[in-house]
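What follows is a short report on a single structure.
The values are calculated or read from the model by the stated rules, or taken from the named source; none is laboratory data. Here the structure is a predicted model, which means the values were calculated and not measured. Note: ideal-geometry Cβ built from the backbone for every residue, glycine included; neighbour counts use all protein chains shown. Surface areas here come from the heavy atoms of the whole protein model, side chains and all, with no ligands, DNA or RNA. Shrake-Rupley method; radii C 1.70, N 1.55, O 1.52, S 1.80 Å.
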Amino acid sequence: NNLKRTYHEWKDAEHPGCQLSGHLMLDRVPGNFHILARSKHHDLAPHLTNVSHQVNTLSIGSPYTARKVAEMTDIPEEVASKMTPMNGNVYTTNNLHESYHHYLKVVSTGVPNLDDSKAYQIIPSSQLAYYSSDMVPEAKFVYDLSPISVSYRKTSRRWYEYITSLFAIIGGVFTIVGLVEST
């Protein structure tokens with residue numbers, strides 16, 4: 001089950017440009033960050049600016065936590081992929097005056113064996129935004145914290161719970177058969 005989506009194929013020759021890398025220290029409040037072309041020393045022509053982009057890595061929280069969750073085997077496989085759902089996605093724009101805006105819902109996630117570190121799942125939604133001809137397009141990332149938290153833990157049924165359930169099923173079948181037979 002591959003949860004990654006590639007919007008268009010990325011060809012380096014068609015998209016020469018900048019590579020951005022870094023970390024943002026953010027408060028635990030909703031916010032946004034933008035990636036746009038701007039220079040004090042150059043005039044940019046808004047009609048020639050293309051902000052096609054590829055997200056190599058985007059995660060919320062400690063990079064150590066995201067790595068550790070990816071290596072865990074006692075949680076569902078889907079959980080690790082939801083920590084970094086945008087990794088490897090490509091967002092290319094083929095027309096002028098457009099860019100992708102990304103809306104990220106951040107869900108606090110409790111995962112066992114993380115030494116009190118918080119993990120965060122990301123629920124992304126992306127849409128193509130259109131700009132007027134005098135505006136420089138920008139890649140926009142808007143994030144919002146979910147009021148709901150998710151916790152994962154592995155539990156198994158005890159042998160006596162299994163026996164009790166088995167007797168309940170047998171008793172229910174016996175009762176229904178008795179009712180059908182008496183009618």
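Put simply, of Thr183, Thr155 the only residue that is of a type in the set (Ser, Thr, Tyr), closer than 29 Å to Ala119 by Cβ and open to solvent by 90 Å² or more (accessible area, probe 1.4 Å) is Thr155.
Look at segment 57-70: where a residue is over 12 Å from Asn87 (Cα atoms) and a partner is open to solvent by 40 Å² or more (accessible area, probe 1.4 Å) and of a type in the set (Lys, Arg), sitting 6+ places away or on another chain with Cβ atoms under 8 Å, you get Gly61/Lys118; Thr65/Lys118. Each residue in segment 42-87 was checked for being among the hydroxyl-bearing types (Ser, Thr, Tyr), out of contact with any Leu (no Cβ under 9 Å at 6 or more places or on another chain) and more than 23 Å from Ser117 (Cβ to Cβ), and 1 pass.
Looking across segment 38-59, just one residue is assigned to a loop (DSSP other than H, G, I, E, B), under 13 Å from Thr93 (Cβ atoms) and open to solvent by 40 Å² or more (accessible area, probe 1.4 Å), and that is Asn50.
Per the conditions (1) within 17 Å of Phe141 (Cα to Cα); (2) at pLDDT 80 or above; (3) of a type in the set (Ser, Thr, Tyr), the sole criterion not satisfied by Thr65 is (1).
Please tell me if Ser81 is modelled with pLDDT under 85, open to solvent by 40 Å² or more (accessible area, probe 1.4 Å) and not in a strand (DSSP E or B). So Ser81 fails the test. I'm told Ser146 meets every condition in (1) at pLDDT below 90; (2) within 30 Å of Val51 (Cα to Cα); (3) surrounded by 10 or more Cβ atoms within 10 Å (Cβ to Cβ); (4) small (Gly, Ala, Ser) except one. Can you identify the failing condition by its number? (1) is the only condition that Ser146 fails.
Regarding Val107, is this residue out of contact with any Asp or Glu (no Cβ under 9 Å at 6 or more places or on another chain), open to solvent by less than 40 Å² (accessible area, probe 1.4 Å) and in a helix (DSSP H, G or I)? Taking the combined requirement at face value, the residue does not satisfy it. Of all positions in segment 136-151, at least one carries a residue that is closer than 30 Å to Cys18 by Cβ, among the hydrophobic types (A, V, I, L, M, F, W, C) and in contact with a helix residue (DSSP H, G or I) (Cβ under 6 Å, 6 or more places away or on another chain).
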